[in-house]
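Working notes, beginning with the structure itself.
The values are calculated or read from the model by the stated rules, or taken from the named source; none is laboratory data. Predicted model, so just to flag it, every value in this text is computed and none were measured. Glycine gets a Cβ as well: all are built from the backbone with ideal geometry, and neighbour counts include every protein chain shown.
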Amino acid sequence: MTTPVAVIDYKAGNLTSVVKSLRHLGAEVTVTDSPEPLATAERIILPGVGHFAATRRLDETGLTPAIRAAIERGVPFLGICVGMQWLYAGSTEAPDQPGLGYLSETIERFPEGSEKVPHVGWNQIDASPKSRLLAGVESGEFAYFTHSWRAPITAATAATTNYIQPFASVVEDRNVFGVQFHPEKSGETGLKILKNFLELRPC
Amino acid sequence: MLTRRIIACLDVRDGRVVKGVQFVDLIDAGDPAELAHRHAQEGADEIVLLDITATHEGRKTLLETVRRTAKSLFVPFTVGGGIRTAEDAAAVFDAGADKVSINSAALADPDLIGQIGASFGAQAVIVAIDARRDHNSPDPVRNARVFTHGGRKDTGRTAVEWAREAESRGAGEILLTSMDSDGTRAGFDCELTAAVSSAVRIPVIASGGAGTVAHFADVFDAGHADAALAASIFHFGVSSARSLKQELAQLGIPVRLPC
């Protein structure tokens, strides 16, 4: 059985790796830059690299209300990197551009100090055992990160990662998920997380 | 903890992996897709494919090689060599690369860095710098000069200053090759790496000279490298990323150990 999944293309960065890894896992991938297919989508992934301001296109193309409606219907949603950050109220990277506001906090930049910003490379995730997205992922497994802004730790945090300070590397709230790292570039650990997303039952 | 990255580099000509020793004496070392997968399985954190083909026909071969290599590679994959325009970069991304490495084209047209970054994100743009110590200068390391065309052409710029400019123009990482060390297996140029790494806030990948585990430990410690790249050490069964990382871990270097 193949799992249908809609991958949102908002013209920010490269979708090739995400689509390739989902197809590798047997998913039936539909790439869309318009809201219509989301009305019947069974799972939605919002990838993202680059600048938070690029999410403006989601508002301009009507994707934002379509995603909001799908989430309200209980459709599993996974945001990757900037796609995760967009779930929040906004980001100091682009203060004039609101996020979805599903989570109420604001994304902020890593503080300046002796460590380099951006945070680039393989770092460990400390996973909550209750997480459905991280089923079978043990604490201490590695994922590939590349970002300068990060989410605060809250009740929705399903995994934390430490760089300069601990931050939320995975969020999970009902059927809404977000990962700060790139599961499509995180080897077997990343594939396991994507597979969990494709297989989990909406609650 | 953020780990230091070990990057396996495949130098490719006409669809086959070769390895230059100081940019000459090419030896055939195998199929790029096969070697990339083997390195990833053995724990390489990233794969870099550097195309050293000069011909137009070879470019088409490259895109096919990239597509084939990327197909089931689930670690970051960088492609460099011969990328001269934003269109060249787009074609390589479309074939499955996550990052591109640009070198002489960025020197000739520094706007290229921002152009690629605008479409694909800064994290996708690596500026590669080939540098050689300037022994005519009172400070040969800080004044190490940038060369192009396989070391034949002196750009008149210093590595430190060009790395800073590349960062300010939106490069995501710097790939710094010491032309003095490249191919010698006598160790990375740790002083040069430290000079560049401390001049920028973006990650610096050290390249050139890997021969032993101690060389990697040195470039991470003394060289402040965020990542280290090696080609020939991983070929011909000299050393695997797995054994390299296990030994580095014993030396106290944070690395991602393969399962």
(request) For region B:120-128, indicate whether the set of residues that are closer than 20 Å to B:GLU46 by Cα, aromatic (Phe, Trp, Tyr) and at pLDDT 95 or above is non-empty. (result) no
(request) Mind checking which strands (runs of 3 or more DSSP E) fall wholly inside region B:118-193 and carry at least 3 residues that are on the phi < 0 side of the Ramachandran plot and of a type in the set (D, E, K, R)? (result) B:153-158
(message) Go through region A:118-147 and report how many residues are free of Cβ contacts under 8 Å to residues at least 40 places away in the same chain and under 29 Å from A:PRO95 (Cβ atoms).
(response) 4
(message) Which pairs turn up if I take residues in region A:1-19 that are free of Cβ contacts under 8 Å to residues at least 12 places away in the same chain and look for partners that are crowded, with 17+ Cβ neighbours inside 10 Å with beta carbon separation below 9 Å, at least 6 apart in sequence or on another chain?
(response) A:THR16/B:ALA70; A:THR16/B:PHE93; A:THR16/B:ALA95; A:THR16/B:GLY96; A:THR16/B:ALA97; A:THR16/B:ASP98
(request) Just give me the residues in region B:102-137 being within 14 Å of chain A (Cβ to nearest Cβ), of a type in the set (S, T, N, Q) and surrounded by 20 or more Cβ atoms within 10 Å (Cβ to Cβ), in sequence order. (result) B:GLN123
(request) Could you look through region B:81-91, keep only residues that are within 18 Å of the chain's Cα centre (by Cα) and free of Cβ contacts under 8 Å to residues at least 60 places away in the same chain, and pick out the one that is nearest to A:GLU184 (Cα to Cα)? (result) B:ALA89
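Of B:ARG152, B:ARG157, B:ARG185, which residue is out of contact with any Phe, Trp or Tyr (no Cβ under 7 Å at 6 or more places or on another chain), basic (Lys, Arg) and without any contact (Cβ under 8 Å) to a residue 12 or more places away in the chain? Reasoning before the result, please.
Details: B:ARG157 fails: without any contact (Cβ under 8 Å) to a residue 12 or more places away in the chain; B:ARG185 fails: without any contact (Cβ under 8 Å) to a residue 12 or more places away in the chain.
None of the other options fit; the residue is B:ARG152.
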(message) I'm checking my understanding of the structure. Among residues of region B:43-67 that are acidic (Asp, Glu) and within 12 Å of another protein chain (Cβ to nearest Cβ), which one is nearest to B:LEU257 (Cα to Cα)?
(response) B:ASP45
(request) Please give the number of the condition B:SER197 fails out of (1) in contact with a Lys or Arg (Cβ under 6 Å, 6 or more places away or on another chain); (2) within 14 Å of chain A (Cβ to nearest Cβ). (result) (1)
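Please find, among A:THR55, A:THR61, the residue that is among the hydroxyl-bearing types (Ser, Thr, Tyr), farther than 18 Å from A:PHE177 by Cβ and out of contact with any strand residue (DSSP E or B) (no Cβ under 6 Å at 6 or more places or on another chain).
A:THR61
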(request) Collect the residues in region B:68-80 that are part of a helix (DSSP H, G or I) and either touching a residue at least 60 places away in the same chain (Cβ under 8 Å) or facing chain A (nearest Cβ under 8 Å) (or both), keeping them in residue-number order. (result) B:ALA70
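Given the criterion more than 14 Å from every other protein chain (Cβ to nearest Cβ) and surrounded by fewer than 22 Cβ atoms within 10 Å (Cβ to Cβ), identify the matching residue among A:ARG68, A:ARG57, A:ARG23. Don't jump to the end; show me each part of the working.
On the way: A:ARG57 fails: more than 14 Å from every other protein chain (Cβ to nearest Cβ); A:ARG23 fails: more than 14 Å from every other protein chain (Cβ to nearest Cβ).
Exactly one residue qualifies, and that residue is A:ARG68.
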